[in-house]
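Peer 1: Here you go, one structure.
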Amino acid sequence: MTTLLLVHGGLWEAGMDADRFWGQPGIVAGLEKRGFDVLAPDRQHQAPDWAAEASHLASALPGRPVIVLAGSNGCSAATCLALAFPGTVAALLLAWPATAQDPAVDAHDRRHLAELGASDGVISALLGGQTLRGLTDEELAGLAIPVGVVPSAIANTFHQRRSVDGLLRLVPGAVELPGCPESPRPEFPPYLESFVTAVAASAEP
């Protein structure tokens with residue numbers, strides 16, 4: 001049985017957990033219905049950097065390679081997991097990757113993190129990076145596993161098309177999957193079946 005590890009989005013805020021991101025929208029149930037073993041842990045709350053996030057996720061691994069489905073800022077945590085723990089991640093599915101290196105987005109998130117008590121050093125660690133937060137483009141180009149990327153179907157400042165295009169350009173063999181709204185959004189429900197179907201097709205051996 002193929003195991004899927006689901007890594008939710010969010011960046012330090014309360015209430016954005018695995019259940020809200022994957023459970024309530026029906027994604028966990030939809031994937032389980034298709035015969036997958038689904039693990040959906042909560043990310044480390046207010047982690048100081050992406051390396052800490054990767055280590056936290058590693059503690060949830062079942063001892064065999066998994067396919068990782070990540071959303072939004074969870075894409076950084078998932079990709080760092082794949083790089084820091086070689087052999088544990090068989091493939092990455094990156095949905096709605098959070099846009100990095102955008103002055104307006106970074107200013108918004110910097111204020112948000114500061115209000116939640118993050119130090120300047122932590123903020124720099126979380127918002128730094130190139131195409132994907134926490135990672136250099138050289139690291140992305142070195143990914144040696146299959147990677148699929150899901151764009152947002154709705155124009156979104158925080159999940160811009162250029163982030164998807166950058167990943168498709170940098171990661172060897174990366175493919176684009178059908179776009180849809182982000183799972184916590186109210187526009188997502190009509191896309192549930194098509195999203196789960198695309199994930200299942202990409203995750204099947």
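Taken together, the values in this text are just the output of simple stated rules run on the coordinates, not laboratory data. On a predicted model such as this, the values are computed, not experimentally measured, just so you know. All Cβ positions, glycine included, derive from the backbone under ideal geometry; neighbour counts span all protein chains shown.
Peer 1: What is the sum of charges, Lys and Arg at +1 and Asp and Glu at -1, for the other residues whose Cβ falls under 13 Å from the Cβ of CYS80?
Peer 2: Net of charged neighbours comes to -1.
Peer 1: Kindly put PHE85, PHE21, PHE158 in sequence by how many other C-beta atoms sit within 10 Å of each C-beta, fewest to most.
Peer 2: Fewest to most other Cβ atoms nearby, the residues stand as PHE85, PHE158, PHE21.
Peer 1: Using a 10 Å cut-off around each Cβ, can you sort SER194, SER72, SER55 from fewest to most neighbouring Cβ atoms?
Peer 2: SER194, SER55, SER72
Peer 1: Nearest 5 percent is fine: what portion of the DSSP beta bridges confined to the chain is antiparallel?
Peer 2: Within the chain, antiparallel bridges account for around 5 percent of the total.
Peer 1: How much length would be gained if the chain were fully extended between ARG161 and ALA14, taking 0.36 nm per residue of separation minus their Cα-Cα distance, in nm to one decimal?
Peer 2: Working: separation 147, 0.36 × 147 = 52.92 nm, distance 2.67 nm.
Length gained between ARG161 and ALA14: 50.2 nm.
Peer 1: Near the amide H of ASN73, under 5 Å away, which other amide H atoms are found, from residues 5 or more places off or on another chain, if H is placed in the peptide plane?
Peer 2: Placed amide hydrogens put GLY10, ALA98 under 5 Å from ASN73.
Peer 1: Sticking with this structure for a sec: Arrange VAL68, VAL196, VAL175 by Cβ neighbour counts within 10 Å, fewest through most, would you?
Peer 2: With the fewest neighbours first, VAL68, VAL196, VAL175 line up as VAL175, VAL196, VAL68.
Peer 1: Same structure, new question: Helix 74-84: angle to the longest alpha-carbon principal axis of the chain, degrees 0 to 90, nearest 10?
Peer 2: That works out to roughly 80 degrees.
Peer 1: Turning to a different aspect of this structure: Using modelled backbone amide H atoms (1.01 Å from N, in-plane), which distant-in-sequence or interchain residues come within less than 5 Å of VAL150's amide H?
Peer 2: Correct list: LEU94, ALA95, TRP96, LEU177.
Peer 1: Let me ask something additional. Given R₀ = 22 Å, FRET efficiency for LEU168-THR197 by Cβ-Cβ distance, to 0.05?
Peer 2: Efficiency, from the Cβ-Cβ distance: 0.60.
Peer 1: What percent of all Cα-Cα pairs in the chain falls into each 5 Å bin, going from 0 up to the bin containing the maximum distance?
Peer 2: 1, 8, 17, 22, 22, 17, 9, 3, 0
Peer 1: Given 0.36 nm per residue, what is the gain on full extension from ASP42 to ALA141 after removing their alpha carbon distance, in nm?
Peer 2: Net length gain for the segment: 32.9 nm.
Peer 1: Also: Using only DSSP helix segments of four residues or longer, with each worth -39500 (n - 2.57), what per-residue ellipticity at 222 nm results for the chain after dividing by its residue count and rounding to 500?
Peer 2: Mean residue ellipticity at 222 nm (helix-derived): -10500 deg cm²/dmol.
Peer 1: What list of ³J(HN,Hα) values in whole Hz, one per residue of the range 101-111 in order, does the Karplus curve 6.51 cos²θ - 1.76 cosθ + 1.60 (θ = phi - 60°) give from phi, with Gly and Pro shown as x?
Peer 2: Calculated HN-Hα couplings, in order: 6, 10, x, 5, 5, 5, 4, 4, 6, 5, 4 Hz.
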